[in-house]
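Before any comments, here is the structure.
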There are 4 protein chains.
Amino acid sequence: MCRWLAYSGSPVSIEDLLYRPQHSLIDQSLHSKLGAETTNGDGFGVGWYGAGDTPGVYRSIEPAWNDRNLRDLSAHIQSPLVFAHIRAAIGSAVQETNCHPFRHGRWLFMHNGFIGDFHKVKRDLVLAVDPSLYPSMEGSADTEVMFHLALTFGLEDDPPAAVSAAVGLIEEVGKKHGIEHPIQMTVATTDGETVWAFRYSSERNSRSLFYSTDVPTLRALHPEVEILSEVSDESRLIVSEPVRDLPGAWNEVPESSYGVVQPGQDELHPFTPRAPEKPTAVRAEV
Amino acid sequence: MCRWLAYSGSPVSIEDLLYRPQHSLIDQSLHSKLGAETTNGDGFGVGWYGAGDTPGVYRSIEPAWNDRNLRDLSAHIQSPLVFAHIRAAIGSAVQETNCHPFRHGRWLFMHNGFIGDFHKVKRDLVLAVDPSLYPSMEGSADTEVMFHLALTFGLEDDPPAAVSAAVGLIEEVGKKHGIEHPIQMTVATTDGETVWAFRYSSERNSRSLFYSTDVPTLRALHPEVEILSEVSDESRLIVSEPVRDLPGAWNEVPESSYGVVQPGQDELHPFTPRAPEKPTAVRAEV
Amino acid sequence: MCRWLAYSGSPVSIEDLLYRPQHSLIDQSLHSKLGAETTNGDGFGVGWYGAGDTPGVYRSIEPAWNDRNLRDLSAHIQSPLVFAHIRAAIGSAVQETNCHPFRHGRWLFMHNGFIGDFHKVKRDLVLAVDPSLYPSMEGSADTEVMFHLALTFGLEDDPPAAVSAAVGLIEEVGKKHGIEHPIQMTVATTDGETVWAFRYSSERNSRSLFYSTDVPTLRALHPEVEILSEVSDESRLIVSEPVRDLPGAWNEVPESSYGVVQPGQDELHPFTPRAPEKPTAVRAEV
Amino acid sequence: MCRWLAYSGSPVSIEDLLYRPQHSLIDQSLHSKLGAETTNGDGFGVGWYGAGDTPGVYRSIEPAWNDRNLRDLSAHIQSPLVFAHIRAAIGSAVQETNCHPFRHGRWLFMHNGFIGDFHKVKRDLVLAVDPSLYPSMEGSADTEVMFHLALTFGLEDDPPAAVSAAVGLIEEVGKKHGIEHPIQMTVATTDGETVWAFRYSSERNSRSLFYSTDVPTLRALHPEVEILSEVSDESRLIVSEPVRDLPGAWNEVPESSYGVVQPGQDELHPFTPRAPEKPTAVRAEV
């Protein structure tokens, strides 16, 4: 049910991130090891920061493994902050407007998992989206609604609080509809400077999520890996499943927690959903 | 802003309808004469009745004129009732879920025109859709919402009343939002037996709509047109713009009216939008 | 490297063939058990006989498992003779002109396997195609060339001899270029009446191929399988890998042999490649 | 029959080239004024130089006017040398491998026009392509063959001579087949430093081609046009039809001639096709 990768650090070519490593994200589109689905062939998306005020986004309904444009663009675009996502659709249409990452202004958002029994709760959740944001939802994916809920609850000001509110509302609405496990997720979001990555599920048995060991330690462990000598000390990868089989390279994000990758010291915190007291849109009243 | 064609009569190959005539619908995808847009290249769709309980639908985001599958399928499918639509998108995404005809059970629905300032009224209109129908909206097109409003207001029981209610609501909501001309439309809908075709716009200056002269008269006028000797007396075409330049063949549907093509005598009636007294969903309360 | 299915018998809906059975061809597009590749997501095609002088063909570059048009068309088309193919590309572009089945007049042709080191032999093989057939090659797939070689060598008159000549030439040209195993194949071809299915490879270790047990025997073995009571005694399936796990239902086509499914008694014969004495096009000299 | 644009100069965003100007290339995809076809909706392509040893290429079968990825990529990619092409197919399949610009190593090549009766001459022309280049032809477009002929005849060493030889061969082969007008073309090619643009047709009535007036003159004429103050003196556009209606801005490339845009003084020369003495591939003999 999807795989994703987030990179923050020295500018690298997207090709280095997506194609070069052993068991790369592109390999995972055909043969995921840890995913709920082994094939993630229902479209993909890449977001990156560079020229322009907003991040670039390239999304397609083709499988990532056979898309020649992705291959070519990857080799010709370099960026210090990249989101990439491969999709395994579970019901909703295969169309570009359902592909991750989703974008709003300078923000990107992507997700592995699902909102349980989405057809039952979709209307209630959509009603809680700020009316001013409503028209920008163009697809039918649960993640697009989750993103717009997070925006409604202040993603641009306090991402952990906003995601906590969105997930809290999804839990609350799901339970009202008698859904045992309303949400399953690993989520990444960024404003182009900082990356927040969340791991959570109602059943406390969340999809896998890993972050890379700091670069100086990795360099000492694996002096033979060339790319490590090229990237800055602060470079960091967060992935649904490891993309290289390097001993010591990958650390699991603990259940019900979130990480912050930022200039300076990165952070890891517990994550607790907390439904907003007034689940109707707060932005709408401004 | 789209062109469409509805056929009811003796079974014919879809190719005969879409490709054979001079100035065919496929020609119109490249060079419409009467359309608000000369090019209708943002996807297309065909719906037909045959095997199966529900009509078949083939929709694609490619331009109709270069889609080889459409050409091939058209030559291999025969049907007594065909809807075909070519799209000129005005803002909403080019994706199959935005292509006409839309389908619900045995019903098809297609539209040329637009809901004015749709982004302003979309949320209010969507809220009026019966919650049980809500999850089946998958795209972002105004027509999909209009169709689901008509279903909410009883399309399957009384199509003219349901379309009148849907359009009435669109007028009412549009005016509440200060929109001068909330709707512009020619619409066709069918249950597989009868075809209803509506022509209406807030400004009383509606997109063109024509129906063919009855076959016996046409045969007398144009004995040289072969297809006329092959189809039954009751066969009828309704089109956004004439597909053959046959004198006496085409009659304009009058402003603010609707036609009914059915077994027995066809009908033509005035059309008046009438907003439902209680614009919230009636089906929801059952 | 592709999976395929050929059906001949009582008219059935394509949906019954492609979607209904356990481990159906559509399942195999995601999870093949016996294929060289587990995922066959690089496009697909369906060919069928019905209205029209030539068979209908619907081909797409989308994965078969997520193509809604395929699902819908399958439910609305019935045919007594169906070819279906799901593709795993190995190098050549993912484009409709590379999707099977290929068509020429009333003939269809599809293939699982490959011509070894195709880039080395392509030019020599293409030169042997009859010049009058040359312009109808539109893609870059090895199978399209193989089909046109078979047509050059008389496919329409004597299919086993023509395929033997085509494969013989491929072996000969491959060996001239130092290729150890020039060909790997299971191939099906039909004129709309008879189906010929070939299993062969240079290394005598060919891709799997099965044909179904005759219907009367199957009915006696599995009275509970409903579809068996609906199809005629002569109905037959040939598949890359079994589509239902029915004991006694499937028989392997032996190495280096071909089967003929036809009105009356079906046949099974040994297959031997035999390069034409004059490998240049014979049709060209007419 | 296609429209194209070539830019060489200060790095600009592709969006500035393709979308910003009045009557931009994107507008021309819907409404060309000077083209043989008013609609150019059968795919498009963009090539640019930047990161990487070879130029980036993005090609798609969608119409340029509705492709959101093109819009987004254009805003996020800047380059000093850009080729862009919109296609109106005349017969050959709409597939990415038929979209321009074509690429070989550091070279790009694009074309407006056609090889007359291509199906009659294709085989002879393809046979003249160097066998080592043969496998890299993946589509069915006449331009791909013309490009590979030019490569065969030394495009990388002497572009005008190589194009002259390719066109000479096309004339010769065409005449042998009794084709009155074997070629119609405007062609652009580049190695990333210099751009060569050719205008020629057998009937000496070639498709339109324009180059922009030098920037210092344009600045003096139109001080109000902002972009002119941002680009270097040597910046130059070559286009199938003018993209802004600026008096004094556009100069027609004369019939049967070619221009060279390069560092230093640009050049304009007469163009004469000259078939190679030995039309078989010269590279093959190395």
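Comparing A:Phe118, A:Leu108, A:Ile77 along the charge dipole axis of segment A:68-186, the residue lying farthest to the positive side is A:Ile77, per the Cβ-charge model.
Solvent-accessible area assigned to carbon and sulfur over segment C:1-81 amounts to 48 percent, based on a 1.4 Å probe. Note on segment B:146-286: with charges restricted to the Cβ of Lys and Arg (+1) and Asp and Glu (-1), its dipole about the Cα centre is near 600 debye. For peptide A:131-137, the mean count of partner chain Cβ atoms within 10 Å of a residue's Cβ comes to 3. About its Cα centre, the dipole of chain D is roughly 580 debye, where the only charges are +1 on Lys and Arg Cβ and -1 on Asp and Glu Cβ. Hey, what D do you get for segment C:134-224 in µm²/s if you plug the Kirkwood alpha-carbon radius into Stokes-Einstein at 25 °C and 0.890 mPa s? Rounded to a whole number, D works out at 162 µm²/s.
Between D and C, buried accessible area summed over both sides at probe 1.4 Å, in Å² to the nearest 100? Summing both chains' loss of accessible area gives about 1400 Å². When a/c is below 1.5 the answer is rounded, else prolate if a/b is larger than b/c, else oblate, so apply that to segment A:66-116 with a ≥ b ≥ c taken from the square roots of the Cα gyration tensor eigenvalues. Verdict is oblate for segment A:66-116. Rolling a 1.4 Å probe across the protein heavy atoms gives segment D:96-135 an accessible surface of 30 Å² per residue. When each of the peptides D:202-211, B:103-112, C:219-228 is scored by how many other beta carbons lie within 10 Å of its residues on average, the order from highest to lowest is B:103-112, D:202-211, C:219-228.
Near C:Gly116: Cβ cut-off under 12 Å, other residues only, Lys/Arg at +1 and Asp/Glu at -1. The net charge is -2. At an R0 of 25 angstrom, the distance between the Cβ atoms of A:Ala36 and A:Glu252 translates into a FRET efficiency of 0.90.
Computed from the C-beta positions of D:Thr272 and D:Arg68, the FRET efficiency with R₀ = 35 Å rounds to 0.20. Take every Cα pair under 8 Å whose residues are at least 6 apart in sequence, average their separation, divide by the length of chain C, and the relative contact order is 21 percent. Reported to the nearest whole Å, the Cα centre-to-centre distance from segment D:137-189 to segment A:1-29 is 41.
Remark: segment A:181-231 projects, on average over all directions, an area of 5.1 nm² (convex hull of Cα atoms). When Rg and Dmax are taken over the Cα atoms of the protein assembly as shown, they come to 30.6, 92 Å.
Residue ranges C:48-57, C:244-253 sort as C:48-57, C:244-253 when ordered by packing (mean number of other C-beta atoms within 10 Å per residue, highest first). Look at where the Cα atoms of segment B:56-124 and of segment A:196-242 average out, and the two centres are 45 Å apart. For chain C, lysine pairs with C-alpha atoms less than 30 angstrom apart, excluding pairs fewer than eight positions apart on the same chain, total 8. Peptide B:87-94 is shielded by partner chain Cβ atoms: per residue, an average of 3 of them sit within 10 Å of its Cβ.
Other residues with beta-carbon under 13 Å from the beta-carbon of D:Glu226 carry, at +1 per Lys or Arg and -1 per Asp or Glu, a net charge of 0. Taking +1 at the Cβ of each Lys and Arg and -1 at the Cβ of each Asp and Glu, which of C:Leu237, C:Leu5, C:Gln95 sits farthest along the dipole of chain C towards its positive end, judged by Cα position relative to the Cα centre? Value: C:Gln95. Charge dipole of the protein assembly as shown (Cα centre as origin; +1 on each Lys and Arg Cβ, -1 on each Asp and Glu Cβ, all else neutral): 0 debye, rounded to the nearest 20.
Counting Cα-Cα pairs of segment B:195-272 in 5 Å increments starting at 0 gives whole-percent bin shares of 3, 15, 25, 23, 17, 9, 5, 2, 0. Computed from backbone phi, the HN-Hα couplings of segment C:80-95 come to x, 8, 10, 10, 9, 8, 10, 10, 10, 6, 10, x, 6, 4, 8, 8 Hz, rounded to whole numbers (Karplus: 6.51 cos²θ - 1.76 cosθ + 1.60, θ = phi - 60°; Gly and Pro given as x).
If you take all other residues with their beta carbon under 15 Å from the beta carbon of B:Ser201, and give Lys and Arg +1 and Asp and Glu -1, the sum is -3.
Peptide A:140-153 shows a mean partner chain C-beta count of 1 within 10 Å per residue C-beta.
The values are calculated or read from the model by the stated rules, or taken from the named source; none is laboratory data. This one's a predicted model, so the numbers in the text were calculated from it and none came from an experiment. Please note: Cβ atoms are built from the backbone with ideal geometry, for glycine as well, and neighbour counts cover all protein chains shown. Surface accessibility is based on the protein's heavy atoms, side chains included, excluding ligands, DNA and RNA. Shrake-Rupley method; radii C 1.70, N 1.55, O 1.52, S 1.80 Å.
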